[in-house]
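The values are calculated or read from the model by the stated rules, or taken from the named source; none is laboratory data. The structure displayed is predicted, hence computed values, not measured ones. Using ideal geometry, Cβ is built from the backbone for each residue, glycine included, and neighbour counts are taken over all protein chains shown. Ligands, DNA and RNA are excluded from the accessible area calculation, which covers all protein heavy atoms including side chains. Shrake-Rupley method; radii C 1.70, N 1.55, O 1.52, S 1.80 Å.
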Amino acid sequence: MKNIAIAMLLLLLLSVLLEPMVELMYLGKEKIVLGTALGNAARSAKDRSLIYESHRDLDASVDEEKFVEYFAEAFGDALKLTWTNQGLSTRELTFASANGKYNDFTVTVEFKEEMNEATGQLVTEVELKAQSEYKFQTKYLQLAEDAGQDVAYQLESERMLILSVKN
């Protein structure tokens with residue numbers, strides 16, 4: 001009887017120790033997925049929104065509205081999200097999860113155009129920052145979150161594109 005009690009205690013202790021490690025693996029996976037989705041959506045939007053008339057002067061000028069539309073479409077498709085503030089703001093985009101897998105995402109898009117002094121070309125920088133409150137996968141941390149404990153974790157990813165045209 002004593003051995004059964006010790007085995008049950010060890011099982012309980014192991015589950016308490018292993019649950020956070022499993023959650024860290026899930027968190028690492030979600031960070032990789034978010035970073036990949038952000039990078040791929042940004043590259044897709046970059047390729048489709050460059051203004052080709054400015055290429056004659058070797059300037060990398062971007063149609064900001066098209067960039068945001070293409071980015072939102074690709075980002076939403078990658079993570080199975082829907083763009084909720086469509087048409088309202090081109091600087092801060094919000095996405096909602098249709099299947100409840102994620103909490104709402106907020107993506108901030110900033111454009112900076114500057115003249116490269118060495119070459120005289122227009123260079124565009126696009127900074128993207130996606131963030132959301134992480135939705136826990138394991139039961140213990142879900143229970144802690146539901147109990148009102150301060151266990152919230154902010155899932156974030158940032159990317160910067162530097163767009164230039166080379167001859």
| remark: Residues of segment 31-68 being over 17 Å from Met160 (Cα atoms), out of contact with any helix residue (DSSP H, G or I) (no Cβ under 8 Å at 6 or more places or on another chain) and touching a residue at least 12 places away in the same chain (Cβ under 8 Å), in sequence order, are Ile51, Ser54, His55, Asp57, Leu58, Asp59, Glu65
| note | Residues in segment 130-167 that are outside any loop (DSSP other than H, G, I, E, B), open to solvent by less than 60 Å² (accessible area, probe 1.4 Å), at pLDDT below 80 and among the hydrophobic types (A, V, I, L, M, F, W, C) total 2
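If you take the residues in segment 1-44 that are polar (S, T, N, Q) and within 25 Å of Lys101 (Cα to Cα), which one is modelled with the lowest pLDDT? Break it down stepwise before answering.
Here is the first cut: in segment 1-44, the ones polar (S, T, N, Q) are 3, 15, 36, 40, 44.
In the following step, the residues that additionally are within 25 Å of Lys101 (Cα to Cα) were identified as 15, 36, 40, 44.
Numbers: Ser15: 79, Thr36: 95, Asn40: 93, Ser44: 90.
Only one residue tops the list, namely Ser15.
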